[in-house]
Ligand code: FES
């Protein structure tokens, strides 16, 4: 029978191909006979069925334009598998798009990871190719594959092309937010914003800046889970199709050698991935996702380690939202290899990759770099430290983060009066009210958008109140227990842990309290005494939300906090 235990490694007598994971009829010979009869109904020959079976997780969906090139990728992946002597079998799983998932894509990431893991376990395959792209899909697939334990390789759909609005280059979604801010401030009118809307997404593929999708693509390559050079080719290019073909061929070799995710995604590999996350000015969401993926393998990523790495890892990529370029420019500049060459002294070069060679060997064979403007050298960084800093204090005893590379330097040492919104509904109701008592140097606080509070939506990018936006205010200190899109920027404190919905200190912040942010000291503090806070806890105790049934019941009962990756507690190995 199939060995489906966590982190299984291939043994000599383990069943392979169609012999794996037979359906339980109490007669294994009959089970195989029946399976073959059915698959032959689709026209397969015994010759084809005797080959290593390579599963392909197909996340194509009309609701997911970021995966709009899925048919071409699957065709190329299959070609690669067959050229290498394998049998490709694609199968559907859940697909999640950021703008088509309600209430938020984060609510569904763990469900997709469970779907991915269980379909890998349930169906006979010797290796699996995971095709994802949009923000939550790659983390979900890597989490699922890490738990399933068979050889696995990541392919991403690739970034979209940039568009042009009145001769200005634009791309989702940093420019989406920039233009929407202008619209809110009455700087552009209805017709202009409609024209912008037509240009922001110029093709299928993932967001064209260093948002969460691009971040996870780079991080997956740095982890060693993707063919070298696989992160950067845009969705509609020949390079992307060639990466897909190489992915197919590599998966067959992995099936034969039994190269499982636990041999690739080691503690050292996660450190490499964190270095890359910091050096690309990557999405804050990358921290949560990497923590969740590592957690599936029994590896605890600590925020303190992230911060320590950040102090010695500068931001070197000049991409929006921290810089000026787009993903297609990064690809033209040599992609991730150009960055890894610069980071080489800081990397563990002996980590394994899907090719069966180490990161150092792959880097060596990629050859020398060439002059380009997107990847900076150590002596000329975009930002002298890593993109993300970890904050602590009585407002976030278990940590919070800020994307310092995309924050306003004038606000990073700031003390201000709290203007509190109790939840998203309260925010929507009052943020643009001209009667709102708010000034530019106040601190906007949004509660109840943490994991259990609201499935952690990307609402941490609290809009600037309209009356201040009209007066020219572009940024304010904002604090919440939610997330922010990787494409957004501003002086925004996120992932405050523990969250307000389970009684974290954020729950007890009141209008008029003073809040101090010091990125230099890594501090986020509520300037209220312990005695007063204890009094507020007694006065208005917080009840953890529950749901009577279904997936929401499971979610609210078992979801962990941001510092544990917002995974379900029962999906992490039981020994950590
Ligand atoms: Fe899919 Fe941005 S919405 S990557």
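The values are calculated or read from the model by the stated rules, or taken from the named source; none is laboratory data. Bear in mind that the values here come from a model prediction, so they are computed numbers and not experimental data. Glycine also receives a Cβ, built like all others from the backbone with ideal geometry; neighbour counts cover every protein chain displayed.
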*asked:* Exactly one of these conditions fails for residue 509: (1) more than 25 Å from residue 435 (Cβ to Cβ); (2) more than 16 Å from the ligand (Cβ to nearest atom); (3) in contact (Cβ under 8 Å) with a residue 12 or more places away in the chain. Give me its number.
replied: (1)
*Can you work out which of the residues in the stretch 118-145 that are surrounded by 24 or more Cβ atoms within 10 Å (Cβ to Cβ), under 22 Å from residue 295 (Cα atoms) and more than 12 Å from the chain's Cα centre (by Cα) is farthest from the ligand (Cβ to nearest atom)?*
127
*Would you please name the residue that is farthest from the chain's Cα centre (by Cα), looking only at residues in the stretch 157-177 that are surrounded by 18 or more Cβ atoms within 10 Å (Cβ to Cβ), more than 10 Å from the ligand (Cβ to nearest atom) and assigned to a strand (DSSP E or B)?*
163
*Filter the stretch 474-490 for residues that are modelled with pLDDT under 95 and either more than 16 Å from the chain's Cα centre (by Cα) or away from the ligand (no atom under 16 Å from the Cβ) (or both) and give the result.*
474, 489, 490
*asked:* Take the conditions without any contact (Cβ under 8 Å) to a residue 12 or more places away in the chain and within 16 Å of the ligand (Cβ to nearest atom) and apply them to residue 285. Does it pass?
replied: no
*Restricting attention to the stretch 310-324, does a residue exist that is more than 28 Å from residue 493 (Cβ to Cβ) and outside any helix (DSSP H, G or I)?*
no
*How many residues, within the stretch 247-263, are surrounded by fewer than 24 Cβ atoms within 10 Å (Cβ to Cβ) and not in a loop (DSSP other than H, G, I, E, B)?*
6
*asked:* Return the residues of the stretch 496-521 that are part of a loop (DSSP other than H, G, I, E, B), surrounded by fewer than 22 Cβ atoms within 10 Å (Cβ to Cβ) and within 29 Å of the chain's Cα centre (by Cα); say none if nothing qualifies.
replied: 503, 519, 520, 521
*Just need a number here: residues in the stretch 282-303 that are out of contact with any strand residue (DSSP E or B) (no Cβ under 7 Å at 6 or more places or on another chain) and part of a helix (DSSP H, G or I).*
11
*more than 10 Å from the ligand (Cβ to nearest atom), touching a helix residue (DSSP H, G or I) at 6+ places or on another chain (Cβ under 9 Å) and part of a loop (DSSP other than H, G, I, E, B): does that describe residue 232?*
yes
*Among the candidates 217, 244, single out the residue that is within 12 Å of the ligand (Cβ to nearest atom) and not in a loop (DSSP other than H, G, I, E, B).*
217
*Working carefully through the options 139, 151, find the one that is touching a helix residue (DSSP H, G or I) at 6+ places or on another chain (Cβ under 6 Å), modelled with pLDDT of 95 or more and closer than 22 Å to residue 565 by Cα.*
139
*Going through the stretch 188-203 one residue at a time, which ones are more than 10 Å from the ligand (Cβ to nearest atom), within 25 Å of the chain's Cα centre (by Cα) and not in a helix (DSSP H, G or I)?*
200, 202, 203
